[in-house]
Amino acid sequence: MIKEKINPANSVGVVKTQSFTFESLKLESGEKFGPVTLAYETYGVLNKEKSNAILIVHALSGDAHAAGLHEGTDDLGWWDSFIGPGKAFDTEKYFVVCSNILGGCKGSTGPSSVNPKTNKPYALDFPLISINDIVNAQRRLIGHLGIEKLLSVVGGSMGGQQVLSWLANHADIIHSAIPIATTIKHSPQQIAFNEVGRQAIMADAHWKSGNYYDGPFPLKGLAVARMIGHITYMSDSSMAEKFGRQKKDSAEAFKFTADFEVEGYLRYRGDNFVKRFDANSYLYITKAMDNFDASGARPFCEVLAGIKAKVLVISFKSDWLYPAYQSKEIVKACKLAGIATTYCEIDSNYGHDAFLLEVEEETHLIKHFLKKIFYAYEVTGVYGE
């Protein structure tokens with residue numbers, strides 16, 4: 001049991017997902033949508049000054065459960081290695097918040113939620129949402145928690161897009177931002193991979209134009225979309241190191257079974273993903289990622305002009321899905337805008353997955369950065385106390 005293996009000295013332990021509902025949200029499209037519920041978890045304690053709050057924003061398939069365990073399960077949080085006493089986000093110092101995004105399917109309002117006007121799931125009646133809409137919903141949650149200014153906003157991949165949205169649109173209420181392995185806007189290649197995933201879902205006979213909630217779900221299509229995603233999350237070298245050309249013991253030659261270990265791995269990942277994710281959420285969220293442009297079609301440095309928040313940008317050498325040059329574009333824009341910016345490209349073989357796996361390197365960078373922000377520059381004014 002994972003519960004027996006976790007170290008109480010550096011784990012947040014058993015946690016519970018909470019929810020916050022508000023009446024409506026004005027979307028970027030101009031549409032007024034509601035009610036909106038966000039599922040969220042918190043770790044650590046908000047200090048009296050409410051100056052130690054950090055918002056963690058998740059990637060495409062993530063959720064509010066970032067750390068610890070849920071009671072009676074082995075369901076360890078997706079960034080547990082980074083959140084807890086003594087970890088990168090030290091819960092003995094900081095109050096950490098993570099919410100499932102608008103459009104998601106793990107407790108927040110999304111296409112699978114019941115439309116109060118019809119008492120049926122929204123399906124494709126759910127409005128098209130943007131990364132900025134997702135962030136504006138998070139802004140409401142932060143207000144609900146009584147936090148006037150965040151110490152930092154942190155996220156990788158699609159989480160990094162949310163961080164850039166916070167920086168571009170809500171810089172007045174953040175002291176710092178840490179975008180990891182992300183981009184100002186998707187390249188044609190990034191859009192192409194997402195489109196193949198969406199087409200796989202929509203080609204599934206069970207998808208039925210999104211109206212599948214009272215029948216079989218489009219599991220095959222969603223599984224294929226996830227398999228495509230996993231190929232892009234790993235590097236050539238990490239895939240070679242993990243699988244090589246090794247065949248499974250039970251492989252039968254000349255049949256279209258999963259002969260190679262890598263084939264079995266992708267099928268396993270795809271089959272498990274469909275147990276916890278909604279196909280329509282996948283469509284909506286990937287479209288929001290593709291449509292996102294933090295620059296608003298202007299030079300990004302102009303958008304960032306006058307911002308006082310400090311920025312730490314992290315990328316990974318073997319990440320070919322969100323290559324380092326895209327992070328360097330963020331750094332260049334920040335520096336042109338006069339923002340105090342630190343950049344680090346970590347030498348990792350994990351590919352895009354590195355933002356979840358390079359615990360030691362990222363922890364060192366993040367702990368040092370947050371310490372400077374919290375103690376030296378903004379909050380207490382006294383370094384090291």
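E385: more than 30 Å from A305 (Cβ to Cβ), open to solvent by 70 Å² or more (accessible area, probe 1.4 Å) and either modelled with pLDDT under 95 or among the basic types (K, R) (or both), yes or no? Full working, then the answer.
Details: more than 30 Å from A305 (Cβ to Cβ): yes; open to solvent by 70 Å² or more (accessible area, probe 1.4 Å): yes; either modelled with pLDDT under 95 or among the basic types (K, R) (or both): yes.
When the stated conditions are applied, E385 passes them.
Within the bounds of the range 93-110, is there any residue that is out of contact with any Leu (no Cβ under 9 Å at 6 or more places or on another chain) and not in a loop (DSSP other than H, G, I, E, B)?
No, the conditions are met nowhere in the range 93-110.
Looking at the range 180-198, is at least one residue within 20 Å of D63 (Cα to Cα) and among the acidic types (D, E)?
no
Here's a check for you: in the range 318-339, which residue that is assigned to a helix (DSSP H, G or I) and of a type in the set (S, T, Y) is surrounded by the fewest Cβ atoms within 10 Å (Cβ to Cβ)?
Result: Y325.
Just checking, how many residues over the range 277-317 are assigned to a loop (DSSP other than H, G, I, E, B) and more than 30 Å from K220 (Cβ to Cβ)?
Taking the range 277-317 first, the residues assigned to a loop (DSSP other than H, G, I, E, B) are 277-278, 292, 294-299, 305-309, 317.
Filter once more, so that each one left must be more than 30 Å from K220 (Cβ to Cβ): 294-299, 305-309, 317.
Selection size over the range 277-317: 12.
Any residue in the range 276-287 that's among the basic types (K, R): show its pairings with residues that are at pLDDT 95 or above at Cβ separation under 8 Å, as long as the two are six or more apart or on different chains.
Every condition considered, the pairs that remain are R276/K106; K287/L128; K287/N194; K287/R198.
Restricting attention to the range 340-359, does a residue exist that is assigned to a helix (DSSP H, G or I), open to solvent by 10 Å² or more (accessible area, probe 1.4 Å), in contact with a helix residue (DSSP H, G or I) (Cβ under 7 Å, 6 or more places away or on another chain) and aliphatic (A, V, I, L, M)?
No - not one qualifying residue is present in the range 340-359.
Which of the residues belonging to the range 160-182 are crowded, with 22+ Cβ neighbours inside 10 Å, part of a helix (DSSP H, G or I) and not polar (S, T, N, Q)?
Scanning the range 160-182 gives G160, V163, L164, W166, L167.
Which of the residues spanning the range 80-113 are under 15 Å from D63 (Cβ atoms), surrounded by fewer than 24 Cβ atoms within 10 Å (Cβ to Cβ) and among the polar types (S, T, N, Q)?
Listed by number, the residues that qualify are S112, S113.
The values are calculated or read from the model by the stated rules, or taken from the named source; none is laboratory data. Here the structure is a predicted model, which means the values were calculated and not measured. Methodologically, a virtual Cβ is constructed for each residue, glycine included, from the backbone with ideal geometry; neighbour enumeration extends over all protein chains shown. Accessible surface is based on the protein model in full, side chains and every heavy atom, while ligands, DNA and RNA are left aside. Shrake-Rupley method; radii C 1.70, N 1.55, O 1.52, S 1.80 Å.
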